[in-house]
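A short write-up of the structure that comes next.
Every number here is computed from the coordinates shown, using simple stated rules; none is lab data. Keep in mind it's a predicted model, so treat the numbers as computed, not measured. Here the Cβ is made from the backbone with ideal geometry for all residues, glycine too, and neighbour counts use every protein chain on show.
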Amino acid sequence: AIHLDINATMKIACFLLAATLAAIPQCLAFSTNSVLPTRRHVSAPSSLQSKTDEQYDGDDRHSPKCELSRRTALSTTFAIIATTTSSPFLHPIVSNAQESKGKVVVYGGSGYVGAHACSLLTQQGYAVTSISRSSPETQLARTKSILGTSLSNVDYISLDAGKASLDDLSASMKDATAVISCVGLSPGSQNQKDGNGLVNSRITQAAKAAGVPKIVYIGVSSTLANGPAKFLLGDYFAGKATAEKSVASEFGGKNSLIIKPAIIAGGPPGEIRPPGPPGVKAVDVTSVARAAVSGAVGNLIGVIDGNEAIEAL
């Protein structure tokens with residue numbers, strides 16, 4: 001928004017009045033045919049700018065003829081004052097920046113899927129808050145390593161969803177129109193059951209308590225969860241199942257979206273992820289992020305299970 005101080009505006013108007021009155025005696029008998037001696041004169045701007053310095057014609061050789069009577073000069077000057085003091089620049093003017101469509105909180109917003117989701121949301125005009133255990137500086141750097149560019153318009157907050165109180169978690173989602181949770185531990189990680197299940201259950205409960213209308217959760221494909229991998233990664237799948245049940249219980253199918261990819265292609269730079277089962281085609285990370293954003297903005301609800309279903313969106 002642009003503001004022009006009223007005092008500065010009145011100074012301009014008073015200067016114009018004083019300059020006009022000072023110029024009038026120079027007119028011979030205030031005749032409409034009298035000529036002003038060559039002198040510097042004030043140039044009335046065609047439109048006000050957001051600055052307070054007076055504008056002058058710097059060339060003395062082009063001084064105009066005086067064709068003003070005292071009455072005409074005064075009436076003209078007061079007209080300028082009236083125009084100046086009623087200028088729209090005295091009031092706030094909304095800038096051309098697009099207003100936010102709403103606030104979306106992304107837990108794990110500096111992770112592989114989360115960073116892409118944050119990027120898509122900001123492109124669509126949403127205010128985005130990324131929450132992670134990492135510091136805001138680390139999140140910013142990690143996002144840049146994933147996307148190749150930083151997202152300076154994302155609000156990064158450091159908060160441990162596994163340790164913070166439910167009140168603190170709810171406070172982080174205040175006024176949010178949706179929450180996306182990309183939080184979770186990789187298969188084979190220590191404490192992978194609670195790191196995927198309990199943590200996301202707490203996020204879901206806090207979102208419900210905060211009055212968030214929609215939630216999106218990144219789960220895992222039923223094909224993987226029910227396949228041979230469950231014998232090796234039982235705790236991982238159990239944690240994911242707990243999180244999915246919590247989302248369904250707290251928000252129901254009409255106010256939530258559960259996205260269940262199998263294997264996501266690639267990964268954050270420097271991170272080594274276990275290979276997927278033979279014959280399972282990986283889904284592109286941007287496809288998963290697009291699905292998550294579609295759920296957050298209210299275009300998708302329910303369950304999207306498997307890479308083919310995600311790619312088909």
For segment 111-125, just list the computed ³J(HN,Hα) in residue order, Karplus coefficients 6.51, -1.76 and 1.60, θ = phi - 60°, integers in Hz, with x standing in for Gly and Pro. x, 5, 6, x, 5, 5, 5, 4, 4, 5, 5, 5, 5, 8, x
Positive end of the dipole of segment 200-305, charges at C-beta (+1 Lys, Arg; -1 Asp, Glu), about the Cα centre: which of 275, 300, 233 has its Cα farthest in that direction? 300
Note, segment 271-282: 3J(HN,Hα) by Karplus (6.51, -1.76, 1.60, θ = phi - 60°), whole Hz, Gly/Pro = x, goes 9, 9, 10, x, x, x, x, x, x, 9, 7, 6
How big is the shadow of the Cα convex hull of segment 153-291, averaged over all directions, in nm²? 9.0 nm²
Starting with the highest mean, order 175-181, 254-260, 133-139 by the number of other Cβ atoms within 10 Å, averaged over the residues of each peptide. 175-181, 254-260, 133-139
Scan around residue 300 for amide H atoms under 5 Å from its own, H built in the peptide plane at 1.01 Å from N, and keep only partners 5 or more places away or cross-chain. 295
Counting sequence-distant residues (5 or more places) and residues on other chains, those with an amide H built under 5 Å from that of residue 106 are 129, 130, 131, 180
What's the ranking of 264-275, 145-156 by average number of surrounding C-beta atoms within 10 Å, highest first? 145-156, 264-275
In what sequence, highest mean first, do 102-115, 215-228 appear when ranked by Cβ atoms within 10 angstrom? 102-115, 215-228
Taking the alpha-carbon set of segment 222-305, what are its Rg and Dmax in Å? 14.0, 38
From the backbone phi of segment 306-313, what are the Karplus-calculated ³J(HN,Hα) couplings (6.51 cos²θ - 1.76 cosθ + 1.60, θ = phi - 60°) in whole Hz, Gly and Pro given as x? x, 5, 5, 5, 5, 5, 6, 5
Extent of segment 177-236 along each principal axis, from alpha carbon coordinates, in Å, largest to smallest? 39, 23, 13
Pairwise Cα inverse-distance average, inverted: Kirkwood Rh of segment 123-178 (Å): 12.3 Å
List the pair-distance distribution P(r) of segment 94-204, using every Cα-Cα distance, as the percent of pairs falling in each 5 Å bin from 0 up to the bin containing the longest distance, rounded to whole percents. 2, 12, 22, 24, 19, 12, 5, 2, 1, 0, 0
Quotient of Cα Rg and 2.2 N^0.38 Å for segment 262-313, N being how many residues it contains: 1.24
